[in-house]
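Chemist: Pasting a structure here, questions to come.
The values are calculated or read from the model by the stated rules, or taken from the named source; none is laboratory data. Since we're looking at a predicted model, the values are computed, not measured. In this analysis, Cβ positions are derived from the backbone assuming ideal geometry, glycine residues included, and neighbour counts consider all displayed protein chains. The area values use the complete protein model at the heavy-atom level, side chains included, leaving out ligands, DNA and RNA. Shrake-Rupley method; radii C 1.70, N 1.55, O 1.52, S 1.80 Å.
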Amino acid sequence: PEPDFYVIARTSALKPANPKAVSLVIEIADTSLEHDLERKAALYARFSLVEYWVIDVKSRQTHVFSEPSAEG
């Protein structure tokens, strides 16, 4: 998946970003909220992403996921 924003270490190359170097992924969800909260959250957890945020534009809330595991 291609996140809206991601944060990496200064020493990492921007493209392609090494998944192990990514410390935070942020998705801005307007019409994709369900997809971002379910499918993408599970996918990022499988890759052991440290932190994943989904910003829900309509409700003006941020969903924060951390401590990933194989189950999500």
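Chemist: Can you tell me how many residues within region 25-72 are of a type outside the set (Asp, Glu) and assigned to a helix (DSSP H, G or I)?
Modeler: The number of residues fulfilling the criteria is 11.
Chemist: Still on this model: Filter region 43-65 for residues that are more than 10 Å from the chain's Cα centre (by Cα) and closer than 17 Å to GLU2 by Cβ; which is least open to solvent (accessible area, probe 1.4 Å)?
Modeler: Residue satisfying both the conditions and the ranking: ILE55.
Chemist: Another question, if that's okay. Being modelled with pLDDT under 90 and in contact with a helix residue (DSSP H, G or I) (Cβ under 9 Å, 6 or more places away or on another chain): is that true of ALA17 here?
Modeler: no
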